[in-house]
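Some notes on the structure that comes next.
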Amino acid sequence: MTFIFLLLNIQFSIFAQPFSAYTDLRQRFNVFDNGVVSSVEGLPPIDFKIGRTAVAYLDNQRVFKVFKDGMVNTVNDMMTSQFAVSDNLILYKSSNIISVIDGSDVVLLSRLCERYALGDSVVLFYDINRSSFNAYYQGKITELETFLNITDDDFSFDKNVKVSDNIGAYINYNGELKVFFNGESQVLESQRVQNFQVGRNMLAYVDINNMFKIFYNGHTFTIDPFAPKKFYGR
């Protein structure tokens with residue numbers, strides 16, 4: 001059996017994107033914003049990324065800027081090494097400091113961070129200074145776990161930490177599967193699960209007994225007593 005819970009979310013991905021960005025033949029960088037084209041830079045940017053409400057980019061001089069509401073704002077000068085954009089958030093890294101732009105607010109998440117995961121409305125990240133694993137959601141930072149010592153396997157984002165639109169899930173150092181949803185954390189399984197994927201409002205996983213379960217909108221359902229061959233999140 002193949003179960004693709006991505007299909008349950010397809011309605012959320014078919015709406016038109018109001019933003020686009022491109023470099024024209026004259027090497028000018030332009031942003032298409034709801035039918036209006038704005039020429040924002042005279043030279044192509046080093047990198048740019050497009051969200052639902054903004055375009056973030058490193059200009060030709062590595063100055064980090066954000067185009068939003070028809071205006072370009074400079075975030076910092078030649079300090080940003082990495083940045084990522086989701087529908088609602090812009091996360092950027094300067095040295096090992098990570099911050100997030102949420103609407104009109106700039107929020108410092110951590111002064112020393114190497115590992116993080118960005119969703120449309122949520123960020124999961126490990127703060128090295130505080131030895132804590134945290135979540136950011138709607139202007140608030142919530143401490144989820146405190147680690148005395150961690151290993152790469154404890155905190156592997158490819159395997160043990162996943163985020164989607166408004167939900168995050170992770171396996172902690174005790175092997176528990178936890179979900180962060182609507183600003184709150186809870187334990188779903190006390191024993192290590194075999195696999196898990198996240199989507200909007202949703203977490204699908206195969207538990208230790210090979211049962212296929214879905215956490216949806218705050219409730220957990222057993223879908224099948226046997227694991228599907230494949231299932232995907234987004």
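The values are calculated or read from the model by the stated rules, or taken from the named source; none is laboratory data. Predicted model only: the values in this text are computed from it and were never measured. Cβ: placed from backbone, ideal geometry, glycine included. Neighbour counts: every protein chain shown.
Val107 meets the conditions (1) over 13 Å from the mean Cα position of the chain (by Cα); (2) at pLDDT below 95 in every case but one. The failed one is (2).
So is Asp158 at pLDDT below 90, exposed (fewer than 13 other Cβ atoms within 10 Å of the Cβ), in a loop (DSSP other than H, G, I, E, B) and not polar (S, T, N, Q) or not?
Details: at pLDDT below 90: yes; exposed (fewer than 13 other Cβ atoms within 10 Å of the Cβ): yes; in a loop (DSSP other than H, G, I, E, B): yes; not polar (S, T, N, Q): yes.
Yes; evaluated as a whole, the condition is true for this residue.
Okay, residues lined up against (1) of a type in the set (A, V, I, L, M, F, W, C); (2) farther than 23 Å from Val179 by Cα:
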{"position": "Phe32", "(1), (2)": "yes, yes"}
{"position": "Lys65", "(1), (2)": "no, yes"}
{"position": "Thr80", "(1), (2)": "no, yes"}
{"position": "Val100", "(1), (2)": "yes, no"}
{"position": "Tyr136", "(1), (2)": "no, no"}
{"position": "Ile141", "(1), (2)": "yes, no"}
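Restricting the range 51-64 to residues that are of a type outside the set (Phe, Trp, Tyr) and within 21 Å of Asp120 (Cβ to Cβ) leaves a set whose member that is surrounded by the fewest Cβ atoms within 10 Å (Cβ to Cβ) is Arg52. Residues in the range 85-119 that are assigned to a loop (DSSP other than H, G, I, E, B) and either among the polar types (S, T, N, Q) or out of contact with any Lys or Arg (no Cβ under 8 Å at 6 or more places or on another chain) (or both): Ser86, Asn88, Ser95, Asn96, Gly103, Ser104, Arg111, Leu112, Glu114, Arg115, Gly119.
Restricting to the range 184-211, give me the number of residues that are of a type outside the set (D, E, K, R) and either touching a Pro at 6+ places or on another chain (Cβ under 6 Å) or at pLDDT below 90 (or both). Explain how you work it out, then say what you get.
Start the filter on the range 184-211 by keeping residues that are of a type outside the set (D, E, K, R), which leaves 185-188, 190-191, 193-199, 201-206, 208-211.
Now narrow it down to the ones that are either touching a Pro at 6+ places or on another chain (Cβ under 6 Å) or at pLDDT below 90 (or both): 199, 201, 211.
The total comes to 3.
Taking the options Arg62, Arg115, Arg52, name whichever one is among the basic types (Lys, Arg), touching a residue at least 24 places away in the same chain (Cβ under 8 Å) and closer than 29 Å to Asn34 by Cα.
Working: Arg62 fails: touching a residue at least 24 places away in the same chain (Cβ under 8 Å); Arg115 fails: closer than 29 Å to Asn34 by Cα.
The unique qualifying residue is Arg52.
Just one of the listed residues (Phe32, Phe19, Phe48) is surrounded by 13 or more Cβ atoms within 10 Å (Cβ to Cβ), modelled with pLDDT of 95 or more and either in contact with a helix residue (DSSP H, G or I) (Cβ under 7 Å, 6 or more places away or on another chain) or not aliphatic (A, V, I, L, M) (or both), namely Phe48.
Against the numbered list (1) without any contact (Cβ under 8 Å) to a residue 12 or more places away in the chain; (2) surrounded by 13 or more Cβ atoms within 10 Å (Cβ to Cβ); (3) of a type in the set (Gly, Ala, Ser); (4) over 30 Å from Thr142 (Cβ atoms), Ser99 comes up short only at (4). Selection over the range 161-174 of residues that are at pLDDT below 90 and either assigned to a strand (DSSP E or B) or out of contact with any strand residue (DSSP E or B) (no Cβ under 8 Å at 6 or more places or on another chain) (or both) gives a count of 1. The numbered conditions (1) surrounded by fewer than 17 Cβ atoms within 10 Å (Cβ to Cβ); (2) over 16 Å from the mean Cα position of the chain (by Cα) are all true for Phe212 except (1).
Output the number of residues of the range 74-84 satisfying the condition of being in a strand (DSSP E or B) and surrounded by 13 or more Cβ atoms within 10 Å (Cβ to Cβ).
The qualifying residues number 6.
When Phe67 is tested against (1) more than 18 Å from the chain's Cα centre (by Cα); (2) within 19 Å of Tyr136 (Cβ to Cβ); (3) surrounded by 21 or more Cβ atoms within 10 Å (Cβ to Cβ), only condition (2) is not met.
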